[in-house]
Amino acid sequence: MKRPVLFLFIFLLACTNGEAEDLGRYFASKGLVDVSRMDTSIHVLLKYATTDNLFNEAVYTGIKGIWLHPDAASKLIKAQKFLKEKYPGYSLIVYDAARPMSVQKKMWNLVRGTRKTNYVSNPAKGGGLHNYGMAVDATIVNRYGKPLPMGSPFDHFGEEAHINNEEALLQSGKISREEYNNRRLLRQIMRQAGFRTILYEWWHFNACPREEAKKSYTLIE
C-alpha cells in the first residue's frame, strides 16, 4: 500500500471510530447501555450501517454496539440465556437497537411517498420504540454465525414478513415448515424474556407498549 493511501485509510478509520465513540457517549448520557459489552455472546450486525436494508444505503455512520435502555437490555440478555439453554449452538444477532430521532427523520424522508412508509415510524407522530432504546431488530444464527431461514430477508416489505398470517403463508408454500418453526422459536424466546411483537416484521421486538415508552422513557433526539 502506498504511503498516501495508507495515511488516508488511517485517517478515515480514526474518523469512524471517533463518530462511534461520540455516539456511544451520547447514548450513555441518555442512560443507555451497550449490551454487546454486557453479553459478548450476542452477535451484532447493524444493518443500517450497511446497504443491506430497505433503503439500500447506509443511514448510520460509525455506530457500534447494541445500545438499549437498561430495561430493554436486561430482557435481551434474558432472551439470549433462554435461547442458549434450549439450543446451545444458537445465538441472537441484533440488526438494530437504539436509534436517534435524527436518524429516524432521515429514514422517514427516504420512504415518504412510497409504499415502504408502513415499515418506518413517522417522526411527526413521535417515532417508534427504537427512538427510546426500547426495541430491537433481531434474529437467530447457528453455531457458524449463519442466520436461520425465516421466510423473508430482514426489511422485506411484503406479506412474507408478516406474522399474523403465517399459517396461510405455510399452506401456500410462501414459507417452509422450517422457516415457520424458526419464527416460532424466535418469538417464543423473545416473548419469554418480556418482548412484544408487531404484525408486519418478524424481526422486530418492543420491550414495552408505545404509550408506556412515551410516559416512562426519554426520547433519544
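Quick note: the coordinates plus some simple rules give every number you see, no bench work behind them. Here the structure is a predicted model, which means the values were calculated and not measured. Cβ: placed from backbone, ideal geometry, glycine included. Neighbour counts: every protein chain shown.
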_trypsin sites (Lys or Arg not before Pro) within segment 14-116: DSSP coil, no more than 13 neighbouring Cβ in 10 Å_ = Arg112
*Can you list residues whose amide H is under 5 Å from Val44's amide H, if they're 5+ apart or on another chain and H is modeled 1.01 Å from N?*
Val94
*Along segment 97-111, what does the Karplus equation 6.51 cos²θ - 1.76 cosθ + 1.60 (θ = phi - 60°) give for ³J(HN,Hα), rounded to whole Hz, x for Gly and Pro?*
9, 4, 9, x, 4, 4, 6, 4, 5, 5, 4, 4, 5, 6, 10
*To the nearest 500 deg cm²/dmol, what mean residue ellipticity at 222 nm is calculated for the chain from DSSP H runs of n ≥ 4 alone, each contributing -39,500 (n - 2.57), summed and divided by the residues?*
-12500 deg cm²/dmol
*In nm, to one decimal, how far is the modelled label at Tyr200 from the one at Glu159, with both set 7 Å along Cα→Cβ?*
1.5
*Take every DSSP beta bridge whose two residues both sit in the chain, then give the antiparallel share in percent to the nearest 5.*
85
*Dipole size in debye (nearest 20) for the chain around its Cα centre, Lys and Arg Cβ +1, Asp and Glu Cβ -1?*
160
_Taking θ = phi - 60°, what integer Hz values does the Karplus form 6.51 cos²θ - 1.76 cosθ + 1.60 yield along segment 118-125, in sequence order, with x for Gly and Pro?_
5, 9, 9, 5, 6, x, 5, 9
*What ranking, highest mean first, results for peptides 154-165, 126-137 when packing means the other Cβ atoms within 10 Å averaged over each residue?*
126-137, 154-165
*Using only the Cα atoms of segment 82-206, build the gyration tensor, take square roots of its eigenvalues as a ≥ b ≥ c, and label the shape rounded, prolate or oblate: rounded if a/c is under 1.5, else prolate if a/b is larger than b/c, else oblate.*
oblate
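Expected output is a single nm value to one decimal: the length gained when fully extending between Asn109 and Arg37, i.e. 0.36 nm times separation in residues minus the C-alpha distance. What is it?
Length difference between fully extended and current span is 22.7 nm.
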_Amide H within-cut-off set for Met150, under 5 Å, with H built and near neighbours excluded_ = none
*Roughly how tilted is helix 70-86, in degrees to the nearest 10 and between 0 and 90, from the longest Cα axis of the chain?*
50
*Which shape class, rounded, prolate or oblate, goes with the chain when its Cα gyration tensor gives a ≥ b ≥ c as root eigenvalues, a/c under 1.5 marks rounded, and past that a/b bigger than b/c marks prolate?*
rounded
*asked:* I'd like the FRET efficiency for Arg177 and Tyr26, computed as 1/(1 + (r/R0)^6) with the beta carbon distance as r and R0 of 30 Å, rounded to 0.05.
replied: 0.10
_Can you work out the Karplus-derived ³J(HN,Hα) for every residue in segment 41-47? Use 6.51 cos²θ - 1.76 cosθ + 1.60 with θ = phi - 60°, whole Hz, and x for glycine or proline._
7, 7, 7, 9, 8, 6, 4
*Relative contact order of the chain: what whole-number percent is it, with Cα pairs under 8 angstrom and at least 6 residues apart?*
20
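About its Cα centre, what dipole magnitude does segment 128-213 give when the only charges are +1 on Lys and Arg Cβ and -1 on Asp and Glu Cβ, stated in debye to the nearest 20?
360
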